[in-house]
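Input: a single structure, listed below in structure tokens.
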Amino acid sequence: MRNLIQFIWRQHFTLLFFGLQFIAFFLLVQNNSFQRANFLGFANEVSGGAFEAIAEAKDYLSLKQVNENLAEEIGRLKSNEQEAHFGLTPWVKVINDSLYRTQYEYTKARVVNSTVSQRNNYLTLNQGSVNGFQPEMGVVCNEGIVGIIKNVSQHYSSVISVLHSRTQVSAKLKSSDYFGVLTWDGKKADKVQLSDIPSHVKIAIGDTVVTRGSGGVFPRNVLIGTIADYKSIKGTDFYKINLSLVVDFRKVSYVFAITNAMIEEQKEVELNQTQEDD
């Protein structure tokens, strides 16, 4: 308190000056409509700019929640897509009819760690067995295919990326349905390879390649990429095809693990068929 009194005593002329200036300014604005209008306009502009800056800051700070909400909504929409349903009478195309049941369900997860520059690349997700995640579940993002879950703990999952030496995914040309095997040669993080496409098939740079959906890990027609270049392999009847991935693995933040409600039934039928052949 003593320091405050000493400060006021030392600066009382300055404080008196600013006080009189404020009173004069107040009287000027109060008694002159022109100055009052200009002052109010200036004050509104300043306060509006300040409120806008505060609102933008709040929006930025809430981006995480917004992204999570969007990811959940995208998951729900993907689960309701026609490709995610199995028709009990497949020739009857009635959406939302009791003849259809959900075959593929999409569950949101956040990528907490990932690599792109290794020979074998992985992603770590913040969801595990307590969330229903299991090995061999397909993983996609909003843009396209990401990989396949390899290991799970209670709260985390490890995903083999498409950019992995052991990744093999059944893929097809969207325009003709000719299918082959998707692999990665370990060279570029934005390029993968498609093999086993016969050289008599008409293809062109820019053609779209999607999942075939034969293994039950991924639904049909999940986007993979487009043909970047191709050439015939000498001494064979097949192409060597390089694809440009639609997914930028350096930016993947949210993904969806895919649960196939009918995968066990498919595996059982295929196993029985294999045993009969033996």
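The values are calculated or read from the model by the stated rules, or taken from the named source; none is laboratory data. This is a predicted model, so every value here is computed, not measured. Heads up, the Cβs are rebuilt from the backbone with ideal geometry, glycines too, and the neighbour counts pull from every protein chain shown.
Quick notes on this structure:
- Qualifying residue in segment 213-220 (condition: more than 19 Å from Y104 (Cα to Cα) and either of a type in the set (S, T, Y) or touching a residue at least 24 places away in the same chain (Cβ under 8 Å) (or both)): no
- Boolean, N113 is without any contact (Cβ under 8 Å) to a residue 12 or more places away in the chain and either of a type in the set (S, T, Y) or not in a helix (DSSP H, G or I) (or both): yes
- Restricting attention to segment 226-261, the residues that are surrounded by 16 or more Cβ atoms within 10 Å (Cβ to Cβ) and more than 20 Å from Y178 (Cβ to Cβ) total 10.
- One residue alone among K234, K191, K267, K251 is over 20 Å from the mean Cα position of the chain (by Cα) and assigned by TED's automatic domain parsing to the domain that holds N113, and that residue is K234.
- Options K267, K240, K231: the member that is out of contact with any strand residue (DSSP E or B) (no Cβ under 7 Å at 6 or more places or on another chain) and not polar (S, T, N, Q): K267
- Selection count, segment 169-187, where residues are in contact with an Asp or Glu (Cβ under 8 Å, 6 or more places away or on another chain) and among the β-branched types (V, I, T): 1
- Matching residues, segment 194-208, being touching a Ser or Thr at 6+ places or on another chain (Cβ under 7 Å) and either touching a residue at least 24 places away in the same chain (Cβ under 8 Å) or not assigned by TED's automatic domain parsing to the domain that holds L223 (or both): S195, S199, V201, D207, T208
- Residue selected from segment 166-196 under the condition part of a loop (DSSP other than H, G, I, E, B) and among the basic types (K, R), by the criterion farthest from G147 (Cα to Cα): K174
- Here segment 135-165 is the region considered, the condition is being in contact (Cβ under 8 Å) with a residue 40 or more places away in the chain and part of a loop (DSSP other than H, G, I, E, B), and the residue that is surrounded by the most Cβ atoms within 10 Å (Cβ to Cβ) is M137.
- Of the numbered criteria (1) in contact with a His (Cβ under 7 Å, 6 or more places away or on another chain); (2) at pLDDT 90 or above; (3) of a type in the set (S, T, N, Q), the one S165 fails is (1).
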